[in-house]
Each structure stands twice: as structure tokens, then as C-alpha cells.
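Novice: This structure is in C-alpha cells; I'll ask about it shortly.
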Amino acid sequence: MAFDYEKYIRPGKLPHIWCPGCGHGIVMKGLIRAMDSLKLVKEETAIVSGIGCASRLPGYIDCCTLHTAHGRAAAFATGVKMAKPEMNVILVGGDGDGTAIGGNHFIHACRRNINMTYIIMNNYIYGMTGGQFSPCTPTGHKASTTPYGNPDPGFDIAKLAIGAGATFVARGTAFHANQIDKLIAEAIQHKGFSVVEILDDCPTTYGRRNKFKSVIEMMNRLKEVAVPVKAAEKMTAEQLEGKVLTGVLHKVERPEYCEEYAKVIERAGGAK
Amino acid sequence: MSKKVGFLQGNEAAAHGALYAGCKFFAGYPITPSTEVSEVLSIELPKIGGKFIQMEDEIGAMAALLGGALAGQKALTSTSGPGLSLKQELIGYGCIAEIPCVVYNVMRGGPSTGMPTGPSQSDVMCAKWGTHGDHATIALMPASVQETFEMIVRAFNLAEKYRMPVHVLPDEIVAHMRERIVFPEPGELEVIDRTTPSVPPAEYKPYDTKFGDVPPLAAFGSGYKFHVTGLNKLPDGFPTTKAEYVQAEEERQVRKVMANVDEIVEFEEFMLDDAEVCVVAYGSTSRSARYAVNAAREQGIKVGMFRIKTFWPFPDKQIKALAQKVKGFIVPEMNLGMCSLEIERCAQGKAQILGINRVDGEPINPEQIIEKIKEVK
């Protein structure tokens, strides 16, 4: 029987704003399957985003949803989680929102290891504003503001998250749709700050400027560059040149922020 | 039983006032000269099961504050000039999404880093106009340690009642001076909590104006699920660009305050009955003004003081009435004439306006005010 996505979709809020060929819808379906597999209670789940195409996702999902300002999702979400640690808090957004204007909030959420899950849809571009280069646009690629090729080196979001202290970091792609829900579900179940980067595509503002002839070609690229971490173990550095590791990249245990603050309350004599 | 008495700094009184009002959530970032508020609350909040978080920056602190408030908590942040500049983006978010919270901003010299340990009153316009777009503003101006306590309580009440961020703007002198304070007993000061929905979750709309200009606000995690955005929105909280909705929503968000100006605007009239000269003052400057008025009266000059307690909304009606009565206004303030502009707007040329303006980090002393009073023709 086909999976019933509608039970998590807000009535009357579709169609979404995303362009034909955009991968954000694939990620949203993965998130819904993950939420369903964990039986998350909608009223007890907050989905928080910043600004951008990917950040429009919360509006379509029937939970407590908070569409904040550009880059601020992690900081708003930290307030929600601190006030109501029993809630499931899931962040969604794009690469520009999360790693440029929101970069400071992102690394500090990783450092605190607060129990939330951040799904970053990395399509290498600022899509909503028409295709300006982001901190994830590859060097040399074209964007509306890098007409001669991008001089900036890009961020590796997963490495950034690991370096900043996130205790669960995974990467998938919009092509590997069936893996997305599993990665997200494992991230939500992990106690601590979990990051799931999904390599995505923006045919409208990135693909057409960088000689991708079709969405299929963009999807095929995701398929070709992705190497599961297990498979990578048997590959040489040469074979891994230009490839991107997918799957669970990092998983460690470390004290969780809200639990640590509960200990502060206990030490101060404020526990019930 | 005699009441509890303390010898506190304005910033400490602010923290205790917040606790009296039921504040359970603080998010901030260290900045002179407001840091004592966060230091006190880092001690006191966990004692009552409340939450204190020091965020990575001023913007993050404002964001966490709004998140905590949306999850049902009474929430406070404290900051000073440069921090207020940074927070403006999300103060605007609090205005449009209608999230109650209190922003306590200690005014120091500026612009930019300015004079971190020097007093000023130069953030009054920043509080009003700092965030972009049309919006109503409420800003309270304490002049003593006791009043700082009471105004924080009132700021929470106004935030909860009108569902919006409310500013408390002490100058650095009020924030750092120590005075005797008599702690109000529980129940002595009014404490207002936000109105929560009475409708079942399926019928709830976060901006449903059938409940009036201030619709009830549910908390995240309380059984209600709804959408919140910084975009112009429909009554159900979802974005819209439909002209008729946007216009009506913007107007409502200003009207909810401006239709209640008489309740919101508080002021003190001192020796104004027969006054020919009116000193308009606020914050610590009003203490010099009070001294000056007493001294000038001893010299036979008919002078009084109008003390602004609520700066925003501005006491238009009262200043307009005074302009019909007095020959001149003296406006001492630790900025280059921000309140003077408002007095000019209200007086409409009907009375002389003489400013006394200091931005050198020194308070305005009574002698300066007495001299200026004598200049009124």
C-alpha cells in the first residue's frame, strides 16, 4: 500500500512553492516518513526554519511550525527546546541560511549538543533570491553574482558540524530518496545535536548556469558523486577524488544540553 | 509584618522585578552596562526551575527569547546600545508575529561602541524606530531603583496584555546606582498573564480578530499546533500578499496600542498647576530636574516638571495641553535633542522649547537646568 503522506500535510497548504525538479519535496517526503516511523506526535513536534526556499517546508507540515528570520532557526529553536525540553524540535533550511547568515547559531547549537535535529538542504546556491553564490557553491562555478566563476572556496557542512561538536552527522542526497527517511529517523532518535545534510539540486538558478542540461543530469550527478561510507573504506584516495561520502559520518555520545541544565536546576535547588 | 527592604542597583532590581512578574526564561549576551541582570538571573532562575541561557550573540539571544516566549514562558533579555542595534531584526519579528517579551536596554553612550560605561539617553529613538517597517512601540523610563523593579513588572504586564515586545530603557545611572528598595509583597502589584485560547485546537487561529485586536496566544507544546512566520500573514498565521489582509493586519498591530494610549501612558506632574515653565524630563535626568524645580521655586519662579514614565507611546495629549498653558518647555536629556523633537511635534509652535543636551558621559546637573529655566521669555 502506498504511504499516506497526507496525514502529516496541512490541509489546503499545497501546492508548495518549489520549482519543478527541485529536490526539497523529496526531502520533505523523507522527513514525513521519518516522523511517521517514529510516531512523532504532531502537537509535541516543533519544526523550525529560517528564510529561503527550503525554509518554507514547515508551513506544509501539520505540527507546531516556526518560520523565523534569515539564519535564525537554530537560535529560535534553542529557545523553544530550553523552554519545553519534552518537545521534538526539528530544524530545516538551506545551505546559505544555515552556514552563512546563520553560521554562528549553527556552530553553537553543535557545541551545546542540544537535542535537536537540523536538516540542511544543500543545493549550493541562494535559490529564492535568484541564484547568488552561497558558502557551499563550488569554486569556479557560476552564480548570478559570480559571472566569471566563483573565487570562494566552499564549506563542507558535515565537517563543519563535526568540528563544532555535533554528536550525530549524516549526509544523503535527493537522488537517494529511500535513504533520507532512515538518516533523519536515526538523527531524531540520537540524543544530542544531530545534523543531516542532504545534497540537493536547484535546476532553476544553479543548474542552468552550470551547464546541466536537465534535472535528470543533476540527479545523475548526485548519484555519481555519492559514495557510502562503508564502500569508501575499501577505496583509495585516488578513487575518492571528487566523491562525497554519504550515510552516518559521525556518531558519538556527549552530555546533552537540556539534561545538563536540568542538573543546574537541581544544584540550585529548583527541581520539583 | 514589615516589608522586605534591600539596597540594590537598578540592574539587580530589574532582575528581581522580572521574577516578581513571573519571568521563567532569560536569554542574553554579556554587555556593559547591563550584565548584572543576567548575573542575578543566572543565580535565581534555576532556583525556581526557570531557564537561563547565554547565547552566542545578541541576535541569537533575541531569537531564543522569542522561542522561549512562544513555548509559553514569560521571557526577558537585557542589553545595551550596540546590542539593541543587533536585536532590532528580531524585535521586528516579535512585533509582526506578536510574541510577548521584555527587552531591558541600559542606555550608554553611542553610536557604535561609544562610551560603554558612560550614561546616555540616546536610545529612545532606536527603541521606537530601530526595526524596519510600521509597528507600535511601548517603552518605559525608570528614574529610580524602586521604579525599575515596578516598571519591569509593568513591562511584562503590557507585553502579555498586548502580545508584543516591550522596552524598558533605564539610563546607565539608574541601572548602576544603589538605592533603598522596598520589595512589594506578592499580590501587591498586578501581574497579568497572556490570554490563551478558549477554543478547541482544531478551531484555533493565532491571529483571529474575532477575539479583538489582541488575539489569544497558545503555547507550542500545549496541544495547539499552528504556524508562526515573520511574513505578513492571514488570521491562521500563514503568509499572504493579499492587499486587504496586509493593510488590515498592519493597522491592527498599531491600533492595539494606540487605541489604548490613555491606559498605557503614565507620567508624573510635579508643581505644574500654576507653572509658566515646564521641564520635561525622564530617567535619572528627572532627578536633577526635580531638584532644579524646587530651587527655582524658592527663587519665586513658577516652574514645574512633567516626568515622562512612558516614552512610547509619547504623551502627545498631555504635552499638547501643556503647550497651551506654559510659556516654555525645558528639555534636559543625555542626547542631542531626541525628546525635544517630540515636544516640538506636540507643541506645534505654541511654546518656546529650550533643550539641554549632554553626550559627554556626564549627567545633567541641576544648575544647568536652573540657568535654562531663567532663559524662558
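Bear in mind these aren't lab numbers, they're just calculated from the coordinates by the rules spelled out. Here the structure is a predicted model, which is why all the values come from computation and not from measurement. As a convention, Cβ positions derive from the backbone with ideal geometry for all residues, glycine included, and neighbour counts pool all protein chains shown.
Novice: In chain A, which longest range has no chymotrypsin sites (Phe, Trp or Tyr not before Pro) that are both DSSP loop (not H, G, I, E or B) and surrounded by at most 11 other Cβ atoms within 10 Å? The partial results should precede the final answer.
Specialist: Values: sites that count: A:Phe3, A:Tyr148.
In short, A:4-147.
Novice: Need one value for A:53-60: mean number of C-beta atoms belonging to other chains within 10 Å of its residues' C-beta atoms.
Specialist: Mean partner shielding for this stretch: 2.
Novice: Not counting the cut sites, what is the longest span of chain B without GluC sites (Glu not before Pro) that DSSP labels loop and that have at most 15 other Cβ atoms within 10 Å?
Specialist: By the stated rule (loop sites, at most 15 other Cβ atoms within 10 Å), B:1-187.
Novice: Taking 28 Å as the cut-off for C-alpha to C-alpha distance, list the pairs among A:Lys182/B:Lys233; A:Lys39/A:Lys223; A:Lys42/A:Lys191 that go past it.
Specialist: Table pairs above 28 Å Cα-Cα are A:Lys182/B:Lys233; A:Lys39/A:Lys223.
Novice: Which ordering of A:Leu57, B:Leu86, B:Leu189 is given by a fewest-first count of other beta-carbon atoms within 10 Å?
Specialist: Ordered by Cβ neighbours within 10 Å, fewest first: B:Leu189, B:Leu86, A:Leu57.
Novice: Another question about this same structure. Based solely on its DSSP helices, what 222 nm [θ] is calculated for chain A when runs of n ≥ 4 H residues each add -39,500 (n - 2.57) and the sum is averaged over all residues, nearest 500 deg cm²/dmol?
Specialist: -9000 deg cm²/dmol
Novice: Sorted from fewest to most neighbouring beta carbons within 10 Å, what does the list A:Cys19, B:Cys95, B:Cys278 look like? Don't skip to the end; give the middle numbers.
Specialist: Numbers: A:Cys19 14, B:Cys95 21, B:Cys278 29.
Listing A:Cys19, B:Cys95, B:Cys278 from fewest to most nearby Cβ atoms yields A:Cys19, B:Cys95, B:Cys278.
Novice: With θ set to phi - 60° and the Karplus curve 6.51 cos²θ - 1.76 cosθ + 1.60, what are the ³J(HN,Hα) couplings of region A:190-197 in order, to the nearest whole Hz, using x for Gly and Pro?
Specialist: Each residue's phi maps through the Karplus curve to give 5, 8, x, 7, 10, 10, 10, 8 Hz.
Novice: Moving to a separate point now. Quick one: Karplus J couplings for region A:37-54, per residue in order, coefficients 6.51, -1.76, 1.60, θ = phi - 60°, nearest Hz, x for Gly and Pro?
Specialist: Computed from phi, the couplings for region A:37-54 are 5, 9, 6, 5, 7, 4, 5, 9, 10, 10, 10, 10, 9, x, 10, x, 4, 4 Hz.
Novice: Going by how many other Cβ atoms sit within 10 Å of their own, how do B:His132, B:His167, A:His141 line up, fewest first?
Specialist: Working: B:His132 9, B:His167 25, A:His141 18.
Neighbour counts put them in this order, fewest first: B:His132, A:His141, B:His167.
Novice: Over what distance in Å are the Cα centres of region B:276-290 and region B:157-228 separated?
Specialist: Cα centres, region B:276-290 to region B:157-228: 31 Å.
Novice: Amide H neighbours of B:Met305 under 5 Å, at least 5 residues apart or on other chains, H built in the peptide plane: list them.
Specialist: Under 5 Å from the amide H of B:Met305: B:Phe270, B:Met271, B:Leu272, B:Val279.
Novice: Does region B:249-377 come out rounded, prolate or oblate by the C-alpha gyration tensor, with a ≥ b ≥ c the root eigenvalues, rounded set by a/c under 1.5 and, if not, prolate when a/b is larger than b/c and oblate if not?
Specialist: prolate
Novice: I would also like to ask the following. What number, in percent, do you get for the relative contact order of chain B if the mean sequence gap of Cα pairs under 8 Å and at least 6 apart is divided by its residue count?
Specialist: Relative CO of chain B lands at 16 percent.
Novice: Show me, for region A:66-73, the HN-Hα J-couplings you get by feeding each phi into the Karplus relation (A = 6.51, B = -1.76, C = 1.60, θ = phi - 60°), rounded to Hz, glycine and proline as x.
Specialist: Those phi angles translate into 9, 9, 8, 9, 4, x, 9, 4 Hz.
Novice: While we're on this one: What is the angle, in °, between the Cα long axis of helix B:10-21 and the longest principal axis of the Cα atoms in chain B? Nearest 10 is fine, range 0 to 90.
Specialist: Between the helix axis and the principal axis of chain B, the angle is about 40 degrees.
Novice: For B:Lys225, which aspartates and glutamates qualify as cross-link partners when the Cα separation must be under 18 Å and same-chain residues fewer than eight apart are set aside?
Specialist: By straight Cα distance, B:Lys225 reaches A:Glu6, A:Asp36, A:Glu43, A:Glu44, A:Asp62, A:Glu86, B:Glu98, B:Glu203, B:Asp208, B:Asp236.
Novice: Normalising by the residue count of region B:267-375, find the relative contact order in percent from Cα pairs under 8 Å and 6+ residues apart.
Specialist: Reported relative contact order: 31 percent.
Novice: So, one more: Identify all aspartates and glutamates with a Cα-Cα distance to A:Lys213 below 19 Å; exclude those on the same chain that are fewer than 8 residues away in sequence.
Specialist: Candidates past the 8-residue exclusion: A:Asp200, A:Asp201, A:Glu224.
Novice: For region B:201-261, with only Lys/Arg (+1) and Asp/Glu (-1) charged at the beta-carbon, what is the dipole magnitude about the Cα centre, in debye rounded to 20?
Specialist: Values: 8 positive and 8 negative charges, 19 e Å.
Charge dipole, region B:201-261, about its Cα centre: 100 debye, nearest 20.
Novice: Enter the angle in degrees (range 0 to 90, nearest 10) between the Cα long axis of helix A:103-112 and the first principal axis of the Cα atoms of chain A, meaning the one along which they spread out most.
Specialist: Rounded to the nearest ten degrees, it is 40.
Novice: Further question on the same structure: Which shape class, rounded, prolate or oblate, goes with region B:5-182 when its Cα gyration tensor gives a ≥ b ≥ c as root eigenvalues, a/c under 1.5 marks rounded, and past that a/b bigger than b/c marks prolate?
Specialist: The shape class here is rounded.
Novice: Here is a follow-up. When only C-alpha pairs under 8 Å and at least 6 residues apart count, what is the relative contact order of chain A, in percent?
Specialist: 18 percent
Novice: While we're on this one: Please find the FRET efficiency linking B:Gln352 to B:Val182, where r is the Cβ-Cβ separation and R0 is fixed at 51 Å, and quote it to the nearest 0.05.
Specialist: Calculated transfer efficiency: 0.80.
Novice: Specify the longest stretch of chain A that does not include any exposed loop site, a site being one of the GluC sites (Glu not before Pro) with a non-H, G, I, E, B DSSP assignment and at most 12 other Cβ atoms within 10 Å.
Specialist: Segment A:87-237 is the longest.
Novice: Using only Cα atoms and rounding to the nearest 10 degrees, what angle (0 to 90) does helix B:338-347 make with the longest principal axis of chain B?
Specialist: Value to nearest ten degrees: 80.
Novice: Related question: Looking only at other chains, what is the average number of their beta-carbon atoms within 10 angstrom of each beta-carbon in B:46-58? List each step's numbers first, then the result.
Specialist: Values: counts 11, 5, 4, 8, 4, 9, 5, 9, 0, 7, 11, 4, 0.
Partner-chain Cβ atoms within 10 Å, mean over residues of B:46-58: 6.
Novice: Looking only at the protein assembly as shown, where both bridge partners belong to it, what percent of the DSSP beta bridges are antiparallel (to the nearest 5)?
Specialist: 25 percent
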